[in-house]
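The values are calculated or read from the model by the stated rules, or taken from the named source; none is laboratory data. For clarity, every value in this text was computed on a predicted model and none was experimentally measured. Here the Cβ positions follow ideal geometry from the backbone for every residue, glycine too, while neighbour counts run over all protein chains shown. Accessible surface areas use protein heavy atoms only, side chains included; no ligands, DNA or RNA. Shrake-Rupley method; radii C 1.70, N 1.55, O 1.52, S 1.80 Å.
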Protein chains: 2
Amino acid sequence: MTDVVTPPTSPVSRERSKEIKRLSVISTARQVRLLSRAELTELTGLSPATLTPLVRDLIAEGYLIERGPGTSRAGRPRAMLEFNPRAELVAAVSLEPSRISCEIADSDGAVVAHRAIRLTGDIVDTICRSVPELAGDGLPALRGVAIAAPGVISGGAVRLAPSVGLIEGRPIGESVQRTLGVPVVVDNDVNLMAAGEHAAGAGTDVADLLLLHVADGIGAGLVLDGQVRRGARGAAGEVGFLPLDPAGRGHDGIGPFEARWSENAIAERVVALAPGRRPDSPVRALVALAVTDPHAAGYLDELLHAWSRLIVSCVCVIDPGRVLLSGAAADLDDAAVGRLQDLVTAAAPSTTEVRRAVLGDRAVLHGAVSYALSAAAAGLPTLLPAP
Amino acid sequence: MTDVVTPPTSPVSRERSKEIKRLSVISTARQVRLLSRAELTELTGLSPATLTPLVRDLIAEGYLIERGPGTSRAGRPRAMLEFNPRAELVAAVSLEPSRISCEIADSDGAVVAHRAIRLTGDIVDTICRSVPELAGDGLPALRGVAIAAPGVISGGAVRLAPSVGLIEGRPIGESVQRTLGVPVVVDNDVNLMAAGEHAAGAGTDVADLLLLHVADGIGAGLVLDGQVRRGARGAAGEVGFLPLDPAGRGHDGIGPFEARWSENAIAERVVALAPGRRPDSPVRALVALAVTDPHAAGYLDELLHAWSRLIVSCVCVIDPGRVLLSGAAADLDDAAVGRLQDLVTAAAPSTTEVRRAVLGDRAVLHGAVSYALSAAAAGLPTLLPAP
DNA sequence: TTAATTCGTTCGCCGTAGGAAGGAAGTGTG
DNA sequence: CACACTTCCTTCCTACGGCGAACGAATTAA
């Protein structure tokens with residue numbers, strides 16, 4: 001009956017505070033890219049004496065690269081240090097219906113390697129083989145893996161239910177984590193997109209945002225106070241279920257709102273207006289049609305009204321301050337976005353910016369990078385001093 | 001051109017980590033109430049050697065009181081330490097139309113002193129005089145002040161606009177903080193209620209909840225991941241503005257939904273159903289009427305449907321997992337709450353509990369206590385080791 | 001060439017953490 | 001009643017890391 005070897009759980013002790021300083025320096029360097037030790041003392045508040053050995057370690061580990069001397073008007077020139085983004089790699093894995101796409105990126109979100117893999121055997125096995133293979137000799141720098149679960153766009157806990165055993169939470173995440181030995185995060189792709197836009201897209205300057213993703217369904221990703229919020233059961237952002245439309249009828253996992261106003265529904269209507277095969281981007285097609293066809297213009301207006309009610313609902317509940325349009329909603333032209341903004345402004349209780357997301361397909365990747373990097377720093381909420 | 005004397009902003013340095021340990025012990029003691037040093041070593045992970053002087057200090061400062069020896073089967077009995085809630089006092093100030101009510105409470109939320117004051121002169125002056133007077137010789141133990149702004153229930157930034165200059169943010173908060181020298185938080189009362197129920201009411205066991213407060217207007221307070229979330233402009237929870245009701249018409253600061261389904265609206269309808277003067281609790285009156293009067297029963301059902309749509313909307317956006325009914329909504333009887341729960345379950349994408357809030361009037365006070373205590377610990381996100 | 005200036009490093013003090021040992025205060029047992 | 005035993009708390013001691021201060025380094029200005 002020996003106890004499990006629980007690590008004595010020391011408190012805030014020595015090792016911890018050392019780690020905090022390390023992270024403080026790394027995170028500063030990540031932002032500033034090229035700086036000297038003198039600047040580090042200013043920015044981190046650490047004394048030069050403390051920095052000397054710390055920086056030495058970081059150079060040895062490859063986080064920092066010593067560059068030539070910088071310019072200075074007088075005195076000894078500062079020896080510049082450059083942050084090496086390749087020192088930290090992350091893997092972003094996207095699960096798609098019959099394949100997985102896997103990308104290795106550095107901490108700038110620059111893709112170092114990528115590959116799409118047909119899904120044949122076990123998912124966990126495939127991931128655990130592909131990631132190290134793709135990372136190659138960069139494997140020791142791997143800091144985390146983020147896995148984006150598909151089709152969750154507007155299903156969350158509910159719609160995922162059938163595959164929950166396979167995809168969500170424990171099974172995949174923990175298995176991969178055990179095998180690869182780095183933190184693994186599993187989340188739905190809309191949440192990852194929101195994190196991506198927040199970290200490197202149209203939301204870097206705000207702490208709160210809502211990303212509205214319109215595809216086969218409609219889902220939202222939510223960033224509040226700088227963090228993605230998933231709600232109690234991970235179903236936050238299931239805005240396709242909003243009871244906004246008396247005419248909307250949901251069914252088995254499809255919400256009443258998205259049943260009428262998702263990309264699929266729009267496509268049907270567009271095909272009815274302009275017979276032919278389904279266009280690649282129904283929204284763009286509709287916008288184009290609306291210029292000449294009054295029926296299309298009328299429907300576009302209906303659509304914008306519907307989406308605006310959706311956005312206003314979100315604003316009333318969480319007041320994100322900024323709403324990003326993603327997926328099919330990003331295909332609106334400037335005029336339509338402006339119209340949407342006006343509708344929202346008229347009905348919302350708080351000023352809210354509506355604009356397009358900017359990262360497109362790369363949003364998930366950037367989100368994965370941001371997840372994986374913060375997972376690496378987990379347990380150590382930022383204690384950085386004010387700049 | 002001397003620089004402002006910015007404190008050198010040391011990083012995570014010595015004093016800081018000492019402070020962290022202090023808070024770690026205090027917070028553990030606050031939860032456990034009666035414990036020995038031996039238990040503290042287990043719970044905090046600090047070594048006995050570290051604890052001895054720390055506990056000595058805390059006893060000297062009045063945070064802990066040494067009690068007689070406890071029981072033990074063998075060996076030296078543990079000397080028990082009792083947490084003294086009176087060691088930390090907070091002030092909760094409620095701004096009401098023409099008066100302010102001021103309460104001093106200990107960290108259990110037990111009211112030590114209270115008083116209602118007619119508002120004559122300047123608000124800030126009044127507060128800064130009343131609080132110390134009321135605290136009396138307990139003043140040195142004052143850890144924070146929370147000010148609940150009134151009538152913000154469903155106005156947030158918008159409805160507050162006229163009085164923003166006087167009430168919100170900087171002016172009052174900062175002035176009082178400067179004068180009294182303790183952290184001051186200003187927030188609207190619904191947010192405080194949500195914090196209160198989370199800290200000491202019907203939400204102590206969950207990290208996420210939504211408190212729906214129905215009064216003259218309808219507002220919601222939001223706790224996500226254990227924190228009250230206010231949104232980008234402080235307008236989170238403005239659910240009275242939800243565009244759920246095609247028939248609802250909002251006007252100058254009144255949302256379309258609350259215009260039809262707030263306590264005021266219900267009162268009018270109840271008076272129409274049973275002429276007389278307006279009952280104290282329109283909802284209770286309606287529930288009673290519904291037993292015999294089919295019209296009342298029909299209206300009650302409409303009302304529950306409306307509220308359920310409101311709740312479902314919130315669930316779709318943030319998935320709080322638990323919804324607490326407060327204000328007039330807490331006057332529903334068990335049957336009606338059950339019916340509401342069923343309606344929500346049928347339409348929500350995620351399982352959600354609906355129940356009554358339990359603190360009633362005391363919710364704001366408990367919220368203020370929780371705010372003030374966490375304000376005292378601010379800047380030091382919990383680094384407590386896992387239990 | 002010398003002074004002035006700014007950077008980075010090494011040295012050494014100090015304070016805190018935590019290990020080890022010892023005293024304190026009980027219970028059980030011969 | 002004496003003795004071992006157990007558990008709790010304290011005190012002593014050592015090790016380690018942060019930071020102040022002095023020092024060496026590398027350049028510009030005079």
Net charge around A:Arg339, counting only other residues with Cβ within less than 15 Å of its Cβ (Lys, Arg = +1; Asp, Glu = -1)? -4
If Rh is defined by the Kirkwood formula over all Cα pairs and Rg also comes from Cα, what ratio Rg/Rh do you get for region B:215-299? 1.08
Show which aspartates and glutamates lie in cross-link reach of A:Lys21 when reach means a straight Cα distance below 19 angstrom and same-chain residues fewer than eight apart are skipped. A:Glu39, A:Glu42, A:Asp57, A:Glu61, A:Glu82, A:Glu88, B:Glu15, B:Glu19
Spacing of the two label points (7 Å from each Cα toward its C-beta) at A:Gln31 and B:Ala274, in nm: 6.1 nm
I want the local charge near B:Ile26. Using Cβ-Cβ distances under 15 Å, sum +1 for each Lys or Arg and -1 for each Asp or Glu among the other residues. +1
log₁₀ I(q)/I(0) of region B:15-83 at q = 0.13, 0.15, 0.23, 0.26 Å⁻¹, via Debye over equal Cα point scatterers, no solvent, to two decimals? -0.33, -0.44, -1.02, -1.28
Please report how far the C-alpha centroid of region B:42-100 lies from that of region A:278-321, rounded to the nearest whole angstrom. 59 Å
Once ligands and nucleic acids are excluded and a 1.4 Å probe is used, how much of B:Phe257 is accessible, expressed in Å² to the nearest 10? 0 Å²
Using θ = phi - 60° and the Karplus relation 6.51 cos²θ - 1.76 cosθ + 1.60, list the HN-Hα couplings for region B:38-48 in order, rounded to whole Hz, with x at every Gly or Pro. 4, 5, 4, 4, 5, 6, 9, x, 6, 7, x
Under a 5 Å amide H to amide H cut-off, with H placed in plane at 1.01 Å, what residues pair with A:Val185 once short-range neighbours are removed? A:Val145, A:Ala146, A:Ile147
Quote the accessible area belonging to B:Arg362 in square angstrom, nearest 10, computed with a 1.4 Å probe and with ligands, DNA and RNA left uncounted. 130 Å²
Count the net charge of all other residues whose Cβ sits under 12 Å from the Cβ of A:His198, scoring Lys and Arg as +1 and Asp and Glu as -1. -2
Debye equation applied to the C-alpha atoms of chain A, log10 I(q)/I(0) at 0.06, 0.07 Å⁻¹: -0.29, -0.39
Counting every C-alpha pair in region A:178-232, the percent lying more than 12 Å apart is 65 percent
I'd like the accessible area for A:Glu96: 1.4 Å probe, protein heavy atoms, all chains in place, Å² to the nearest 10. 60 Å²
Which residues qualify? For B:Ile218, with a placed amide H closer than 5 Å and at least 5 residues away or on another chain, they are B:Gly240
Does region A:205-357 come out rounded, prolate or oblate, given a ≥ b ≥ c as the square roots of the eigenvalues of its C-alpha gyration tensor, rounded meaning a/c under 1.5 and, failing that, prolate meaning a/b above b/c? prolate
For the interface of B with A, what's the total buried accessible surface in square angstrom, probe 1.4 angstrom, rounded to the nearest hundred? 4000 Å²
Around B:Ala113, which amide H atoms from residues at least 5 apart in sequence, or from another chain, sit under 5 Å from its own amide H, with H modelled in the peptide plane? B:Ile104
Spelling out what I want: for every residue of region B:190-202, take phi, set θ = phi - 60°, compute 6.51 cos²θ - 1.76 cosθ + 1.60 (Karplus), and round to whole Hz; glycine and proline get x. 5, 4, 5, 4, 4, 4, x, 5, 5, 7, 8, x, 8
